[in-house]
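A short worksheet on the structure shown next.
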Amino acid sequence: MPATILVGAQWGDEGKGRVADWLAAQSDVVARFAGGDNAGHTVYVGDNLFKLHMIPSGILHEQVTCVLGNGMVINPVNLVKEMDGLQTMGVDISPDRLIISTRAHIITPAHIALDAASEKARGAGAIGTTLRGIGPAYLDKTGRQGIRTGLMAQEEAFADALYEMVRRTNDILVKQYGAETLDPQKAAEDYLAAAIRLRPYLRDVSVYLNQRMNTGARVLCEGAQGTLLDVDHGDYPFVTSSSPTSGGALTGLGFGPRRVDRIVGVAKSFSTRVGSGPMVTELHGELGDRLRGTGEHFWDEYGTTTGRPRRCGWLDTVALRYAAQVNGFTEIVLTKLDVLSGFDELKVASAYMIDGRQVDFPPDTVMELERAEPVYETLPGWSEDIGRARRGDDLPQAVRNYIQRVADLCGVPVRTVSVGPERDQLVHF
Ligand code: GDP
Ligand code: IMO
Ligand code: MG
């Protein structure tokens, strides 16, 4: 059976977790392929609120086997905590439900300390990372001096590698950043305990996935982050250090492009961004506050991983059009439409003006992007509460117009929209 790839079309937090939860119901395997616990995917099932960081949202469906792919960076101590948290909520986390690639990379305490130290050193130019050690872990991976998850199977070698990495980093922390040192012995002990727990879950993910697909399994690749945070295609340097786009799913899991027949882009019906970097449609003041919410609901725009308030603004279809191109979306899911109820009119950026020139795609550099002004189309708003809509006909005409205009501006059909955070609050077209 062919595979489906689901990716974030904006700057992360588009609602990928809840959309993956819907698609997981029709899948046998759900696999994460990039990032680590910088991700925070929220799934709301009845009265239970799940916040997933490394484990795919598919874990909430009994028939699904979940996979952590080689493209990920994994903090074993935090992974064990996440597994325990899910177990407490009644979720089965046995090794036949969860597989960890032997080729992913380990995030060590050294990476976390380096993330904090380098952000501090950047001062006003800080990226606003999640401080989970993501960038430094990928740096060691590409620098060919990282520790791979497979080493967790060899106790002594793993503890030695951990000890050595922390010891080596202490030198950098002191000399380059004037930061405090870490205890290599404690790091090795904490990580060894987690490694022993995780050992039964280790496996060659590429072999596993290809075998499952050969025998008809349906695989869903659950992206983290978003296209504009991609290290190649995003707003460099205000990006994460991985490839969260559809191409990253292939390298991050180990199968070929001919396996894929559906690429789902998840987009929020307005824009949000957490951390630094350009955001052409950002709204300050009352309108931005209204989109963010008051913090009263769990879906208000405060980070799932870090609790930081998200920057909010109107929908940017220049970014979305670009995401459709980079990923090859076959369809878009538009989330959080219910949040747009009650605005007299809605704006959507259809192009940018940069130095007197109109452009339909983002420019190459953030310097140009910072000078970009949005060209807005104004669409009529709606006042109805749409949370109970389940069919296209249940939606007011103004909502359907908004959806259709977004599809036209991106050149990709919107096949599904969400009108609330609960499992059944979806409308399919
Ligand atoms: P992800 O990182 O892409 O999985 O997204 P997050 O979970 O970080 O953020 C999305 C937030 O929006 C979560 O709190 C979701 O429960 C919430 N959410 C998702 N879809 C909808 C929707 O249609 N309406 C509302 N009100 N909230 C939603
Ligand atoms: P999900 O999967 C939103 C952002 C950070 C920062 C930049 C780099 O929940 O959509 P990093 O810690 O990765 O080095 O930070 O990327 N970022 C996210 N923003 N959602 C995420 O994940 C993110 N993961 C990273 O805020 O701007
Ligand atoms: Mg999130």
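The values are calculated or read from the model by the stated rules, or taken from the named source; none is laboratory data. Since we're looking at a predicted model, the values are computed, not measured. Cβ placement follows ideal geometry from the backbone for every residue including glycine, while neighbour counts extend to all protein chains displayed. Accessible surface areas use protein heavy atoms only, side chains included; no ligands, DNA or RNA. Shrake-Rupley method; radii C 1.70, N 1.55, O 1.52, S 1.80 Å.
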With a cut-off of at least 3 residues that are within 15 Å of ligand 1 (Cβ to nearest atom) and modelled with pLDDT of 95 or more, name the strands (runs of 3 or more DSSP E) lying wholly within region 225-323.
-> 260-268, 271-273
The residue from Gly342, Gly313, Gly285, Gly256 that alone is touching a residue at least 12 places away in the same chain (Cβ under 8 Å) and either assigned by TED's automatic domain parsing to the domain that holds Val7 or more than 16 Å from ligand 2 (Cβ to nearest atom) (or both) is Gly342
Residue list for region 333-349, restricted to those being closer than 19 Å to Glu282 by Cβ, open to solvent by 20 Å² or more (accessible area, probe 1.4 Å) and not basic (Lys, Arg) | Val339, Glu345
Working carefully through the options Asn48, Asn78, find the one that is more than 18 Å from Gln225 (Cβ to Cβ) and polar (S, T, N, Q).
-> Asn48
Could you tell me whether any residue of region 33-41 is touching a Cys at 6+ places or on another chain (Cβ under 7 Å) and more than 12 Å from ligand 1 (Cβ to nearest atom)?
-> yes
Could you list, in sequence order, all residues of region 408-429 that are open to solvent by less than 70 Å² (accessible area, probe 1.4 Å) and part of a helix (DSSP H, G or I)?
-> Leu409, Cys410
Inside region 372-388, the number of residues satisfying the requirement of being under 27 Å from the mean Cα position of the chain (by Cα) and within 16 Å of Gly342 (Cα to Cα) is 2
Tell me which residues, restricted to region 319-332, are touching a Pro at 6+ places or on another chain (Cβ under 8 Å) and either free of Cβ contacts under 8 Å to residues at least 60 places away in the same chain or open to solvent by less than 10 Å² (accessible area, probe 1.4 Å) (or both).
-> Ala319, Ile332
In the set Ala194, Ala267, Ala224, which member is surrounded by fewer than 23 Cβ atoms within 10 Å (Cβ to Cβ) and under 30 Å from Glu119 (Cβ atoms)?
-> Ala194
Only one residue in Asp115, Asp84, Asp47, Asp92 is at pLDDT below 95 and either in the same structural domain as Thr335 (by TED's automatic domain parsing) or of a type outside the set (Lys, Arg) (or both). Which one?
-> Asp47
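Table: residues versus (1) open to solvent by less than 10 Å² (accessible area, probe 1.4 Å); (2) over 17 Å from the mean Cα position of the chain (by Cα).
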| residue | (1), (2) |
| --- | --- |
| Leu52 | yes, no |
| Gln63 | no, yes |
| Val73 | yes, no |
| Leu79 | yes, no |
| Met83 | yes, yes |
| Thr88 | no, yes |
| Pro95 | no, yes |
| Ile100 | yes, yes |
| Arg103 | no, yes |
Report, by residue number, each residue of region 364-392 that is open to solvent by less than 30 Å² (accessible area, probe 1.4 Å), more than 30 Å from Pro421 (Cβ to Cβ) and in a loop (DSSP other than H, G, I, E, B).
-> Ala372
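Yes/no matrix, rows are residues, columns are (1) farther than 24 Å from Val205 by Cα; (2) surrounded by fewer than 19 Cβ atoms within 10 Å (Cβ to Cβ); (3) touching a residue at least 24 places away in the same chain (Cβ under 8 Å); (4) not small (Gly, Ala, Ser):
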position: Lys141; (1), (2), (3), (4): no, no, yes, yes
position: Ala157; (1), (2), (3), (4): no, yes, no, no
position: Leu162; (1), (2), (3), (4): no, no, yes, yes
position: Val174; (1), (2), (3), (4): yes, yes, no, yes
Taking into account only those residues within region 107-116 that are touching a Pro at 6+ places or on another chain (Cβ under 9 Å) and of a type in the set (A, V, I, L, M, F, W, C), which is surrounded by the fewest Cβ atoms within 10 Å (Cβ to Cβ)?
-> Ile112
Looking for whichever is assigned by TED's automatic domain parsing to the domain that holds Thr251 and more than 30 Å from Trp11 (Cβ to Cβ) here; the options are Val207, Val166. Which one fits?
-> Val207
Output for Cβ contacts, cut-off 8 Å, separation at least six or different chains, first residue on the phi > 0 side of the Ramachandran plot in region 115-133, second surrounded by 18 or more Cβ atoms within 10 Å (Cβ to Cβ) and acidic (Asp, Glu), reads Leu131/Asp115; Gly133/Asp115
Has region 274-286 got any residue that is small (Gly, Ala, Ser), under 21 Å from Arg371 (Cβ atoms) and open to solvent by less than 10 Å² (accessible area, probe 1.4 Å)?
-> no
Over region 5-28, the set of residues away from ligand 1 (no atom under 13 Å from the Cβ) and surrounded by fewer than 24 Cβ atoms within 10 Å (Cβ to Cβ) is Ala25, Gln26, Asp28
If we keep just the residues of region 393-407 that are within 26 Å of the chain's Cα centre (by Cα) and in contact (Cβ under 8 Å) with a residue 12 or more places away in the chain, which is most open to solvent (accessible area, probe 1.4 Å)?
-> Arg405
